Amino acid sequence: MTEIKKDKVIIVSGGMDSITMLYEYKDSIALGISFNYGSNHNAREIPFAEMHCHKLGIPHITIDLAFMPKYFKSSLLEGADAIPEGNYDDENMRSTVVPFRNGIMLSIAIGIAESNGLQYVMMANHSGDHVIYPDCRPEFVGNMSEAAKAGTYNHVEILSPYTNISKADIARKGKALGIDYSQTWSCYKGGEKHCGKCGTCRERREALREAGIVDTTVYED
């Protein structure tokens with residue numbers, strides 16, 4: 001039996017999507033990277049990223065991007081009260097965009113991949129992100145991957161296998177993998193419990209319901 005090569009870095013936030021990808025591709029992932037960029041919910045989600053990587057025996061690091069709240073404009077960096085409640089859609093969620101966040105994180109992950117002789121960087125964007133977040137769209141990912149290949153000696157590539165599937169599709173994958181989604185974090189407000197009312201909480205609830213998963217997440221509402 002051929003041994004699977006551990007040639008991937010994964011950007012793992014601690015949310016449903018990246019944790020699902022972590023489990024699906026665990027045999028080929030050499031390193032998990034989280035970024036603390038000053039968002040309301042970093043302190044709630046990063047421990048889940050660390051926990052799941054540790055559980056799977058995958059090395060994990062957290063990189064501090066403390067400069068971002070100082071220079072970047074986004075409700076995600078301005079406290080829980082700034083986060084809009086309601087549907088996960090463009091009009092309601094646009095204030096949560098952190099400009100070029102994925103571009104910055106991918107650039108760092110690509111440099112780390114090249115430094116460690118690794119070939120791929122994985123990100124867990126999905127189809128529901130496209131309307132709201134420009135740096136989750138297929139054209140961005142494709143162009144960023146081409147730039148990475150051109151700008152590294154070992155031609156690092158970006159892999160985004162969830163780009164064209166929904167969050168419910170991701171949840172179905174997680175169900176098959178036996179993932180306990182109560183051990184992930186979605187809420188952009190970053191309180192002690194999921195608020196249940198913001199766009200990311202509503203998207204989470206809908207995805208779990210569509211996938212036929214009993215939602216054991218503790219919500220405030």
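The values are calculated or read from the model by the stated rules, or taken from the named source; none is laboratory data. In this text the structure is predicted, and so the values were computed from the model without any measurement. Counting neighbours? That spans all protein chains shown, and the Cβs are built from the backbone with ideal geometry, glycine included. The protein model used for the area step is the full one, side chains on, heavy atoms only, and it has no ligands, DNA or RNA in it. Shrake-Rupley method; radii C 1.70, N 1.55, O 1.52, S 1.80 Å.
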message: Run the reach check for Lys197 against lysines, Cα to Cα strictly under 26 Å, same-chain hits fewer than 8 apart removed. What comes back?
response: Lys73, Lys167, Lys173, Lys175, Lys189
- prompt: Going highest first, how would you order 21-31, 205-215 by mean Cβ packing within 10 Å?
  reply: 21-31, 205-215
- request: Quickly rank 55-64, 162-171 as a protection proxy: mean count of other C-beta atoms within 10 Å, highest first.
  value: 162-171, 55-64
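Take each of the peptides 32-38, 172-178, average the number of other beta-carbon atoms within 10 Å over its residues, and list them starting from the highest. Intermediate values should be presented prior to the final figure.
Working: 32-38: 21.7, 172-178: 15.1.
Ranking the peptides 32-38, 172-178 by packing returns 32-38, 172-178.
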query: Put +1 on the Cβ of each Lys and Arg and -1 on the Cβ of each Asp and Glu in the chain; which of His52, Tyr181, Gly103 then has its Cα farthest toward the positive end of the dipole?
result: His52
- request: List the residues whose amide H sits under 5 Å from the amide H of Met122, counting only those 5 or more places along or on another chain, with H placed 1.01 Å from N in the peptide plane.
  value: Val9, Ile10, Ile11, Leu159
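Where does the chain land at 222 nm, in deg cm²/dmol rounded to the nearest 500, when only DSSP H runs of n ≥ 4 count, each adding -39500 (n - 2.57), divided by all residues? Intermediate values should be presented prior to the final figure.
Working: 8 runs with 84 residues, N = 221.
It comes out at -11500 deg cm²/dmol, rounded to the nearest 500.
Can you give the extra length, in nm with one decimal, that the chain gains between Leu56 and Glu192 once fully stretched, where that is 0.36 nm per residue apart less the Cα-Cα distance? Don't skip to the answer; put the middle values down first.
Working: separation 136, 0.36 × 136 = 48.96 nm, distance 2.60 nm.
Contour length minus Cα-Cα distance gives 46.4 nm.
Taking each pair of different alpha-carbon atoms in the chain once, compute 1/r for the pair, average those values, and report the inverse of that mean as the Kirkwood hydrodynamic radius in Å to one decimal. All intermediate terms of the calculation are to be shown ahead of the outcome.
Details: mean 1/r = 0.0569 Å⁻¹.
17.6 Å is the Kirkwood radius here.
Ignoring ligands, DNA and RNA, what percent of the 1.4 Å accessible area of the chain is carbon and sulfur? Please list the in-between numbers first.
Values: 5280 of 10260 Å².
The value for the chain is 51 percent carbon and sulfur by accessible area.
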message: Probe of 1.4 angstrom, ligands and nucleic acids ignored: what's the accessible area per residue over the stretch 97-221, in square angstrom?
response: 44 Å²
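Suppose the chain between Asn164 and Asn116 were pulled fully straight at 0.36 nm per residue; how much longer would it get relative to their current alpha carbon spacing?
Values: separation 48, 0.36 × 48 = 17.28 nm, distance 2.93 nm.
Between Asn164 and Asn116, full extension yields an extra 14.4 nm.
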